[in-house]
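Right, one structure below, let's go through it.
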Amino acid sequence: MEQPQTIKQVLQRYGHYTGVTKGNSMWPLLHENKDNIIVLKTQGRLKKYDVPVYIAESGKYTLHRIVRVRENDYVIMGDNLLTKEYVTDSQICGRLAGFYKNGKKYVDCDTSRLYKLYSRVWVFLIPVRPCIMALHRFLSKLKRGFARGK
């Protein structure tokens, strides 16, 4: 029996996928090579704040948050990004059901009140996200400067 090769094939065969995150587009929620995600095969339309796994036009698997549901597509953004993407149901393979922070603490996306609050606040802050990101970059540089000065 042939083993599944892609995330989409794993989801179609088993109904769930587990893996370590790559990239920083979902920071501060998920950290590259530190957090394990649990993805479930989608059933029906997704909702605002859901985090689907989808195949981007480049063919790459991507995990970003839905910020708006429209009739024929979704408006999606990474938590650490400023650009919106438009994704259709046919591109979506699964939905983030939960994750293990640093491989330890499990966060259930459907039941965690703290996660739900984070999702709503982070989407609400989209208009000021450039300022938040600029402040974070400034503070990071300042911190590195102090660390070198010691």
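Among the residues of the stretch 15-27, those that are within 16 Å of Y106 (Cα to Cα), over 10 Å from the mean Cα position of the chain (by Cα) and either at pLDDT below 95 or open to solvent by less than 70 Å² (accessible area, probe 1.4 Å) (or both) comprise Y17, G19, V20. Pairing residues of the stretch 118-147 that are touching a residue at least 40 places away in the same chain (Cβ under 8 Å) and part of a helix (DSSP H, G or I) with residues that are open to solvent by less than 60 Å² (accessible area, probe 1.4 Å) and among the aliphatic types (A, V, I, L, M), at Cβ distances under 8 Å and at least 6 apart in sequence or on separate chains, gives Y118/L29; W122/L29; V123/V67; I126/V67; I126/M77. Do the conditions hold for L46, that is, is it of a type outside the set (D, E, K, R) and within 19 Å of P130 (Cα to Cα)? So L46 does not fit the description; no. Name the single residue, out of those in the stretch 35-69 being open to solvent by 10 Å² or more (accessible area, probe 1.4 Å) and of a type in the set (D, E, K, R), that is nearest to Y106 (Cα to Cα). Once the filter is applied, the top-ranked residue is D50.
Which one is most open to solvent (accessible area, probe 1.4 Å) among residues in the stretch 70-91 that are without any contact (Cβ under 8 Å) to a residue 40 or more places away in the chain and not in a loop (DSSP other than H, G, I, E, B)? Here the answer is Y86. Among the residues making up the stretch 84-140, those that are modelled with pLDDT of 95 or more, more than 16 Å from T18 (Cβ to Cβ) and hydroxyl-bearing (S, T, Y) are Y86, T88, S90, T111, S112, Y115, Y118, S119. Here R95 fulfils each of the conditions (1) open to solvent by less than 70 Å² (accessible area, probe 1.4 Å); (2) over 13 Å from the mean Cα position of the chain (by Cα); (3) not hydrophobic (A, V, I, L, M, F, W, C) apart from (2).
The values are calculated or read from the model by the stated rules, or taken from the named source; none is laboratory data. Quantities reported herein were computed from a predicted structural model and do not represent experimental measurements. No Cβ is skipped: glycine too gets one built from the backbone with ideal geometry, and neighbour counts run over all protein chains shown. All accessible areas refer to the heavy atoms of the entire protein, side chains included, with ligands and DNA or RNA removed. Shrake-Rupley method; radii C 1.70, N 1.55, O 1.52, S 1.80 Å.
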